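See structure below.
The values are calculated or read from the model by the stated rules, or taken from the named source; none is laboratory data. Nothing here was measured: the structure is a model prediction, and the numbers come from that model. Methodologically, a virtual Cβ is constructed for each residue, glycine included, from the backbone with ideal geometry; neighbour enumeration extends over all protein chains shown.
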Amino acid sequence: MSRDLSKPQSGFTQLLKGSRLAVARAVNRDIHHKHCYQIARAVKGMYAGDAVSYLEKVVKQEVAIPYKRRSRAGKGGNTMAGHRKGKMGPGRYPHNASIAFIKLIESAMDNARQHHEDIDAEDMVITHLAAHRGQVSKAMRPRARGRATPSNHYQVNLEIFLEDMSADADEDEEEDDY
């Protein structure tokens, strides 16, 4: 799905390059941004089918998502998670964020099936996965003695690119034959 670089690209942080690419977005989801960042870091580079099965195990609390950012006490930031069994280190089981990522990956796989009939969507690689802060719905919570404190609700925007790497391997094999 190559695009005209002279035209603006609305909504995505990366340029859409490649002919065998599938894209999906989820805008203003009610999920914590920190959980989405950690899931995106763990899942990027996996095959789409493997990523869905991995996140389903996270929902069942069989496998934890490794939390690598903000995990050291005293070095800036909080200790976001305790250590898990094995050699993983700090990690958690973000339930709502994992379900949102499963829906996002399945949506991208459905888009791939719609646009490319000859592609096996489960064998596509997640080349780009981003979690950005979305809109903040601001509200005030009444307190005692006529005071009020802010009660802000943060949202997140997710985007994913799936790319078919089997076509590149086929082209490389054809070039080697000549």
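Taking the criterion of being out of contact with any Pro (no Cβ under 9 Å at 6 or more places or on another chain) and modelled with pLDDT of 90 or more, would at least one residue in segment 32-40 satisfy it? Yes, segment 32-40 has at least one match.
Is it true that Arg70 is at pLDDT below 85, surrounded by 14 or more Cβ atoms within 10 Å (Cβ to Cβ) and in contact with a helix residue (DSSP H, G or I) (Cβ under 8 Å, 6 or more places away or on another chain)? Yes.
Yes/no matrix, rows are residues, columns are (1) without any contact (Cβ under 8 Å) to a residue 60 or more places away in the chain; (2) in contact with a helix residue (DSSP H, G or I) (Cβ under 7 Å, 6 or more places away or on another chain); (3) closer than 18 Å to Ala100 by Cβ:
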| site | (1), (2), (3) |
| --- | --- |
| Leu21 | no, no, no |
| Ala26 | no, yes, yes |
| Asp30 | no, no, yes |
| Lys34 | yes, no, yes |
| Tyr37 | no, no, yes |
| Ala42 | yes, no, yes |
| Gly45 | no, no, no |
| Ala48 | no, yes, yes |
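Taken over segment 113-151, residues that are basic (Lys, Arg), closer than 20 Å to Ala24 by Cβ and assigned to a strand (DSSP E or B) amount to 1.
When each of Ser19, Ser53 is tested for being modelled with pLDDT of 95 or more and among the hydroxyl-bearing types (Ser, Thr, Tyr), the lone residue that passes is Ser53.
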